[in-house]
Amino acid sequence: MQIAEKFMTMLRCPLSGAPLQQGDHGLASRDGSLHYRISPSGVPLFAEHFCTEDARRQQAHFEKIAGIYINNLGYPHTQEYAAYLDRAFLDIAAEARLGSTAEICCGSGEAFRLLGNKVGTGLGIDISLSMLEAAKTSLLDAEQYCFVQGDATRLPLADSLFDSVFIIGGIHHVNDRQQLFREVFRILKPGGRFYWREPVSDFFLWRWLRALIYRLSPSLDDKTERPLLYRETVPPLENAGFVLKTWQTYGFFGYCLLMNSDVLVFNRAFRHIPGIRGITRLAARLDHAITSLHAFRRYGLIVIGMAEKPG
């Protein structure tokens, strides 16, 4: 399967940074020394040649749990609470320039589905081929998208390509966040913006609960999954060159009970409760009221943030 020319101009060899060309058997460096296969569905497989140990571990983990993760997104209470978080995310990303957009650690393409037809050209990258196949399926009719398998700490992409970069639920899977932020900075245009939505544990109660759950749940890998902390996230962002513009947290006790049914097995039974959608909307409103209080603005379970590459 051939990759559209507009996407070929974006792709680079992750090992050398050199441009690539298409051939009968996939992609190759111009000198022919490196070759990359393309999956039957059209996904370039860069992770076969370069992949850190952390990324390889996450790849194996997500290939195992992809079905459970995707099923979790279909429960009515998960959908209702996620809709609240989606609205909050879109409020912060309301002024994002979307002519050329990348979604890193894209999974099933959550950011692209949220942004919809506002995206001009979108490129998604993830370590899990199963998740990329799910993304291609959910965005089957959208020719403006291309999906690539690769490591987020060495992106197979050219410099200064994108107006905006999005990560939803991917940063906490990457241990080398300094290198991740450097890569995001590298592929953004001057003046471009980086948006994220991630689990955060600045409140001691969430740190304790997650430390326990991460060790007990087979759906989580405590070796390569670590929720964000403000003090551990902002310095590497700034060291990469970014200027932090937004850091706002969301989700409290309602989030604990009604989200993450892939992790909290009892949560799956909530879908049988009459009126669970209305209950979830009420819980989201209560959580929002709590995290809107000045004293609790950094105590939520999810952070939505934005940083800018200086123009």
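The values are calculated or read from the model by the stated rules, or taken from the named source; none is laboratory data. Bear in mind that the values here come from a model prediction, so they are computed numbers and not experimental data. No Cβ is skipped: glycine too gets one built from the backbone with ideal geometry, and neighbour counts run over all protein chains shown. Keep in mind that these areas ignore ligands, DNA and RNA; they rest on the heavy atoms of the full protein, side chains included. Shrake-Rupley method; radii C 1.70, N 1.55, O 1.52, S 1.80 Å.
The slack in the chain from Leu244 to Arg271, taken as 0.36 nm per residue of separation less the alpha-carbon distance, amounts to 5.9 nm. Each of Ser164, Pro235, Pro199 was placed along the dipole of segment 138-251 (beta-carbon charges, centred on the mean Cα), and the one lying farthest toward the positive end is Pro235. For Lys189, neighbours were defined as the other residues whose beta-carbon sits under 14 Å from its Cβ, and their charges (Lys and Arg +1, Asp and Glu -1) total +1. Over the residues of the chain, the helix contribution to mean residue ellipticity at 222 nm works out to -11500 deg cm²/dmol, using -39500 (n - 2.57) for each DSSP H run of at least 4. For the pair Glu48 and Ser160, the difference between a 0.36 nm per residue extended length and the Cα-Cα distance amounts to 37.8 nm. Seen against the Cα atoms of the chain and their longest principal axis, helix 76-92 is set at about 70 degrees. Toward the positive end of the charge dipole of the chain, with +1 on the Cβ of Lys and Arg and -1 on the Cβ of Asp and Glu, the farthest Cα among Ser41, His294, Gly254 is that of His294. Pairs of Cα atoms nearer than 8 Å and 6+ residues apart set the relative contact order; for segment 108-224 it is 22 percent.
Heavy-atom accessible surface of Asp163, to the nearest 10 Å², is about 20 Å², with a 1.4 Å probe and all protein chains retained. When Lys and Arg each count +1 and Asp and Glu each count -1, what net charge do the other residues less than 10 Å away from Ile171, Cβ to Cβ, add up to? Surrounding charge for Ile171 is +2. Mean separation of Cα pairs under 8 Å and 6 or more residues apart, divided by the residue count, gives the chain a relative contact order of 19 percent. Enter the angle in degrees (range 0 to 90, nearest 10) between the Cα long axis of helix 129-138 and the first principal axis of the Cα atoms of the chain, meaning the one along which they spread out most. For helix 129-138, the angle is close to 80 degrees. In the P(r) worked out for segment 11-160, what percent of Cα pairs fall beyond 20 Å? For segment 11-160, the share of Cα pairs beyond 20 Å comes to 53 percent. Computed about the Cα centre, the dipole magnitude for segment 1-160 is approximately 120 debye when only Lys and Arg (+1) and Asp and Glu (-1) carry charge, each at its Cβ.
In the chain, inverting the average of 1/r over every pair of distinct C-alpha atoms gives 20.0 Å as the Kirkwood radius.
Computed with a 1.4 Å probe over protein heavy atoms only, the accessible area of Glu103 comes to about 0 Å². Most simply put, the chain has about 50% antiparallel DSSP beta bridges, counting only bridges with both residues inside it. The dipole here belongs to the chain: it is taken about the Cα centre, uses +1 on the Cβ of Lys and Arg and -1 on the Cβ of Asp and Glu, and is about 720 debye. The mean sequence separation of alpha-carbon pairs under 8 Å and at least six residues apart, normalised by the residue count of segment 103-173, gives a relative contact order of 41 percent.
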